[in-house]
Amino acid sequence: MTENNKDLIIVTDLHKSFGTNHVLKGVSTTIKKGEKVVVIGPSGSGKSTFLRCLNCMEDPTSGSVLFDGVELTDFKTDINVQRQKMGMVFQHFNLFANKTVIENIMMAPIYVAKKKIRKHKKSDPTPVDDLKTAKRKARETAEALLRRIGLEDKADAYPSSLSGGQKQRVAIIRSLAMNPDVILFDEPTSALDPEMVGEVLELMKELATEGMTMVVVTHEMGFAREVADRVVFMDEGKFVEEASPEEFFTNPKAPRLQEFLSKVL
Amino acid sequence: MNSFMVKVNRFIEVFIEQGGYNEVLTGLKNTLLIAVTGLIIGIVIGTLIATVRVLPKYKLISRILDKICTFYVALFRGTPMVVQLLVFYYVMLPLICVKMTSVSVAIAVFGLNSGAYISEIMRAGILSVDPGQMEGGRSVGMSYGATMMKIVIPQAIKNILPTLGNEFITLVKETSVVSFVGATDLYVAFNYIGSNSYEFMVPYLVMALIYIVIVCLISLGIKLMERRLRKGDRK
Ligand SMILES: Nc1ncnc2c1ncn2[C@@H]1O[C@H](COP(=O)(O)OP(=O)(O)OP(=O)(O)O)[C@@H](O)[C@H]1O
Ligand SMILES: [Mg+2]
């Protein structure tokens, strides 16, 4: 995290329609390296769609998403390679049901290592790890991450045997295993029983402290206040207001934001 | 009862002393070989077709492939297996001047045919897997194909295992049509014994029993496999 304050994601005039449903109506914003952006807004305002356009899980209808200098909406861009640097955490975890916890975490790193080995040319002087070494390293990383969240004894369990909070924490370290430049969170605590929300927010706060760039869609106002560098209010497909949490919560300007805050606070 | 015993004795005589069991063993071997190999080829073809058919359709190439697969499935589901077998053996092979044994022809036709049926089963299986599984794979940077192969299809196969088992049982039973192109299966074998002993009651009875035993064994196998897979989930 040496180059803090460098622009990491530059979004310009982003539009997204599903058929005739115009969901994103021109969003422009810049997310700096190390910045924590929290997005709030009413249901259906396009928060998930915005987040999913950032890593092209949804293809934007028009506009540009520049990630670390690479144009993601360009169809010549290898989106898979870019996504390896952009973690994503879902409301419903989306852990691989047919893989154990540790396999879930090792899956993508091993996939990438295999690709590297396949693409490696003999003439290339920089060596790559052979598969065995890559697997060992992936396992070591995965074990260290599991120890970090205190779930090392669940390494060989299947996701279905975990609690919601445990699943979400595994999902978070699964994205961490790729050593991403940014992690996108889409309502990571909304599907959890109330007593499990804390453990997930705690882990997210740790990541924030370590300087991870984070874009978080959430209804957890406490988290926004405590962690965000910038809070964004989204309504009807637009960024209606953005400010520091202090300013955002104590001195909201847009009437729709005032109304929204009066309902949720 | 006495006359039944006479028939049994006659059967045993032909079955053992005149080497009828050799025919039965060949028939059994062919029946299982055709059904098992057909099923494996069918799973491969069916998985490929199903993958094409659930592909997002915004590229022209995937739309064309989809049309081809739809045609293939309609063709093989819309004609009886016997007809496919006869056409393959007596029309296609002479036309392209290729010689194949009747058993290989049967295997090929069973594979192509079950591929069409399994593709529909597999498509339903793939659609039954939570779309979040694909999203999870894509979000960590795995390609569509890799996520499909490693995450979605294994779960789809688990979901459709009972239906696949039924398809296997159907294939085993349908092998009785391969006699149309001159391959020996259980029916041909017992028919042979019947003709040599001039009585068909016992041979056909034994044949029916063998089919029942095979089908029961397959059903048992599927149950065991399902139980093991479910255990894997809970561990
Ligand atoms: N894949 C899709 N296909 C069609 N319409 C979609 C799709 N995804 C989202 N939409 C529509 O886009 C609009 C915005 O959805 P989005 O999920 O982005 O809202 P949101 O702000 O995340 O809401 P929530 O708080 O309920 O999650 C909704 O009207 C929704 O129906
Ligand atoms: Mg949403």
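Some points to look at:
- For the residues B:I160, B:I169, B:I193, the requirement of being part of a helix (DSSP H, G or I) and closer than 20 Å to B:R53 by Cα singles out B:I160.
- Pairs meeting the criteria (first residue in the stretch A:77-91 and under 16 Å from A:A108 (Cα atoms), second residue within 13 Å of ligand 2 (Cβ to nearest atom) and part of a loop (DSSP other than H, G, I, E, B), beta carbons under 7 Å, at least 6 apart or on different chains) are A:V89/A:P188.
- Residue match in the stretch A:118-128 (condition: of a type in the set (A, V, I, L, M, F, W, C), out of contact with any His (no Cβ under 8 Å at 6 or more places or on another chain) and either closer than 19 Å to A:I183 by Cα or touching a residue at least 12 places away in the same chain (Cβ under 8 Å) (or both)): no
- Test: residue in the stretch A:205-212 that is among the β-branched types (V, I, T), open to solvent by less than 20 Å² (accessible area, probe 1.4 Å) and either more than 16 Å from ligand 1 (Cβ to nearest atom) or closer than 22 Å to A:L162 by Cα (or both): no
- Considering the stretch A:41-83, and only residues there that are closer than 20 Å to A:E242 by Cβ, more than 13 Å from chain B (Cβ to nearest Cβ) and of a type in the set (A, V, I, L, M), the residue that is surrounded by the fewest Cβ atoms within 10 Å (Cβ to Cβ) turns out to be A:L66.
- Residue in the stretch A:152-171 that is in contact with a helix residue (DSSP H, G or I) (Cβ under 8 Å, 6 or more places away or on another chain), loosely packed, with under 15 Cβ neighbours inside 10 Å and away from chain B (no Cβ under 12 Å) present: yes
- Hey, A:D235 charged (D, E, K, R), under 20 Å from B:V140 (Cα atoms), in contact with a helix residue (DSSP H, G or I) (Cβ under 9 Å, 6 or more places away or on another chain) and within 16 Å of ligand 1 (Cβ to nearest atom) or not: no
- In the stretch B:146-158, the residue that is nearest to the other protein chains (Cβ to nearest Cβ) out of those that are more than 14 Å from B:G125 (Cβ to Cβ) and touching a residue at least 12 places away in the same chain (Cβ under 8 Å) is B:K150.
- Single match in A:T209, A:T218, A:T213 (criterion: within 16 Å of ligand 2 (Cβ to nearest atom) and under 29 Å from A:M107 (Cβ atoms)): A:T218
- Looking only at the stretch A:100-137, and only at residues there that are in contact with a helix residue (DSSP H, G or I) (Cβ under 6 Å, 6 or more places away or on another chain), farther than 15 Å from A:D156 by Cβ and within 14 Å of chain B (Cβ to nearest Cβ), the one that is farthest from ligand 1 (Cβ to nearest atom): A:A113
- Where a residue in the stretch B:185-205 is touching a residue at least 60 places away in the same chain (Cβ under 8 Å) and its partner, wherever it lies, is not in a helix (DSSP H, G or I), with Cβ under 8 Å and at least six apart: B:N196/B:Q18
- In the stretch A:187-204, the residues that are within 16 Å of ligand 2 (Cβ to nearest atom) and either over 16 Å from the mean Cα position of the chain (by Cα) or open to solvent by less than 20 Å² (accessible area, probe 1.4 Å) (or both): A:P188, A:T189, A:A191, A:L192
- Selection status of B:S176, among the hydroxyl-bearing types (S, T, Y) and crowded, with 20+ Cβ neighbours inside 10 Å: no
- So A:L51, is it aliphatic (A, V, I, L, M), in contact with a strand residue (DSSP E or B) (Cβ under 8 Å, 6 or more places away or on another chain) and within 16 Å of ligand 2 (Cβ to nearest atom): yes
- Restricting the stretch A:18-37 to residues that are within 14 Å of ligand 2 (Cβ to nearest atom) and away from chain B (no Cβ under 14 Å), the residue that is surrounded by the most Cβ atoms within 10 Å (Cβ to Cβ): A:L24
- The residue that is farthest from the other protein chains (Cβ to nearest Cβ), among those in the stretch A:84-99 that are under 17 Å from B:M148 (Cα atoms) and under 18 Å from the mean Cα position of the chain (by Cα), is A:L95.
- Test result for B:T26, open to solvent by 30 Å² or more (accessible area, probe 1.4 Å) and under 30 Å from B:K158 (Cα atoms): no
The values are calculated or read from the model by the stated rules, or taken from the named source; none is laboratory data. Because the structure is predicted, anything quoted here is derived from the model rather than measured. Counting neighbours? That spans all protein chains shown, and the Cβs are built from the backbone with ideal geometry, glycine included. Just the protein is used for accessible areas: all its heavy atoms, side chains included, with ligands, DNA and RNA removed. Shrake-Rupley method; radii C 1.70, N 1.55, O 1.52, S 1.80 Å.
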